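Structure first, commentary second.
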Amino acid sequence: MSARRARGLWIRRGIAAVALAVILWLVWEAATWPDVRALASRPPKTTAFIERYKEAERAAGRAPRVEWRWVPASAISLQLKRAVLVAEDIDFFRHQGFAPRAMREAMTQALEERRIPRGASTITQQLAKNLWLSPSRSPLRKAREGVLTWQLERALSKRRILECYLNVVEFGPGVYGAEAASRRYFGKAAAELSADEAAQLAAGLPRPRAWHPGVSTTAYRRYTESIRRRMDRAELPGRLLQ
C-alpha cells in the first residue's frame, strides 16, 4: 500500500471515529436530558446545586445539612418577588429567556455601586443552571443552559418559572428556597417577609455563601440598600406577582 493511500485510510478512520463519538455523545445527552415539562406540574426532588453542596460537605468530612422547603408562589411575600426581580432580572416578564442588553446594564450598575458586576443571566437561565447544571462557564455548559432556557420558557408560565426559582435558589450555606431562608434568618414564613428583609435576601443571591442576613460587610450592606431603593422605584406588573 502506498504512503498516500495509507494516509488517506487513516484520515477516513479518524473521521469515522470522531463521527461515532459525536453520535454516542448525542445519544447520551438525549437519554439523560432533564424532563423540563414535568416541572410545570410538580417540584423537583433535588437540584444539581444541592447535590453539589452535599458532595462538598461530605468531602470535607461533614454531614450535609440542607434546609429546603418548597412552597407555592402564593406563600411567598410579594416584597421578596419584587426584590429578586429588581436585583436579578427586571425585564423578566418582557423577555423570552434571554436578555443581551442586561450585560451592559449590569456593568453600568456595578460601576455606580463600586462592586464586581453580576453575571447578567436571566432568572430562567439561572433556574436551568441551579436545577440541572454546574457553575462552570464552559461553552458546552452554556450551550446546555441555552437549550434548557428555551425549553423552560415554552413549557412553563412566567409565574411558574419565578415560583420555581424562588424555591430552589441558594440563600446561604445549605439554605435553599425562600421559605427555608425566611425561617432560618428571620424566624418567620416567607409570606410574612417585609421589604427590608426581602432586600437582604435578594442581595445575597450573587454570593450566597458570603452574603446573607447577619453579614455586616460594607459591600453587602451597600447592595442591600441599592435593592431597597430600586424596589420603591420599580414598576412591576403586580397581577403577575400574585
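The values are calculated or read from the model by the stated rules, or taken from the named source; none is laboratory data. Since the model is a prediction, treat every value here as computed from it, not as a measurement. No Cβ is skipped: glycine too gets one built from the backbone with ideal geometry, and neighbour counts run over all protein chains shown. Calculation scope for accessible area: heavy atoms of the full protein, side chains included, ligands and nucleic acids excluded. Shrake-Rupley method; radii C 1.70, N 1.55, O 1.52, S 1.80 Å.
Mind checking whether some residue in region 140-155 is within 19 Å of L85 (Cβ to Cβ) and open to solvent by 50 Å² or more (accessible area, probe 1.4 Å)?
Filtering region 140-155 for residues within 19 Å of L85 (Cβ to Cβ) gives 149, 152-153.
Add one more test, that the residue is open to solvent by 50 Å² or more (accessible area, probe 1.4 Å), and what stays is none.
No, region 140-155 contains no residue that is within 19 Å of L85 (Cβ to Cβ) and open to solvent by 50 Å² or more (accessible area, probe 1.4 Å).
Looking only at residues that are of a type outside the set (A, V, I, L, M), more than 14 Å from I90 (Cβ to Cβ) and in a loop (DSSP other than H, G, I, E, B) in region 215-236, which one is modelled with the highest pLDDT?
Here the answer is T217.
Look at G204 and say whether it is under 14 Å from the mean Cα position of the chain (by Cα), of a type outside the set (A, V, I, L, M) and over 14 Å from W70 (Cβ atoms).
Taking the combined requirement at face value, the residue satisfies it.
Consider region 50-83. How many of its residues are open to solvent by 70 Å² or more (accessible area, probe 1.4 Å) and touching an Asp or Glu at 6+ places or on another chain (Cβ under 6 Å)?
Total meeting the criteria: 1.
Which residues, taken from region 192-228, are farther than 26 Å from S74 by Cβ, in contact with a helix residue (DSSP H, G or I) (Cβ under 9 Å, 6 or more places away or on another chain) and open to solvent by 50 Å² or more (accessible area, probe 1.4 Å)?
Those that are farther than 26 Å from S74 by Cβ, in contact with a helix residue (DSSP H, G or I) (Cβ under 9 Å, 6 or more places away or on another chain) and open to solvent by 50 Å² or more (accessible area, probe 1.4 Å): P206, R207, G214, R221, R222, E225.
Being surrounded by fewer than 22 Cβ atoms within 10 Å (Cβ to Cβ) and at positive phi is the filter here; which residues of region 173-191 pass it?
G174, G187
P139: at pLDDT below 90 and within 20 Å of A48 (Cβ to Cβ), yes or no? Don't jump to the end; show me each part of the working.
Numbers: at pLDDT below 90: yes; within 20 Å of A48 (Cβ to Cβ): yes.
Answer is yes for this residue.
If you scan region 122-139, which residues turn out to be over 21 Å from G177 (Cα atoms), among the hydroxyl-bearing types (S, T, Y) and either more than 13 Å from the chain's Cα centre (by Cα) or open to solvent by less than 20 Å² (accessible area, probe 1.4 Å) (or both)? Spell out how you get there, then give the answer.
First pass over region 122-139, keeping only residues over 21 Å from G177 (Cα atoms): 136-139.
The next check asks that each one be among the hydroxyl-bearing types (S, T, Y); those that pass are 136, 138.
S138, the sole residue that qualifies.
With Q151, Q126 as the choices, which residue is in contact with a Lys or Arg (Cβ under 9 Å, 6 or more places away or on another chain) and part of a helix (DSSP H, G or I)?
Testing whether each residue is in contact with a Lys or Arg (Cβ under 9 Å, 6 or more places away or on another chain) and part of a helix (DSSP H, G or I) leaves just Q151.
Looking only at region 53-75, filter to residues that are small (G, A, S) and without any contact (Cβ under 8 Å) to a residue 24 or more places away in the chain; which one of those is farthest from L131 (Cα to Cα)?
At the first step, the residues of region 53-75 found to be small (G, A, S) are 56, 59-61, 63, 73-75.
Next, from what is left, pick out any that are without any contact (Cβ under 8 Å) to a residue 24 or more places away in the chain: 56, 59-61, 63.
On the way: A56: 17, A59: 21, A60: 23, G61: 25, A63: 22 Å.
Looking at residues that are small (G, A, S) and without any contact (Cβ under 8 Å) to a residue 24 or more places away in the chain, I get G61.
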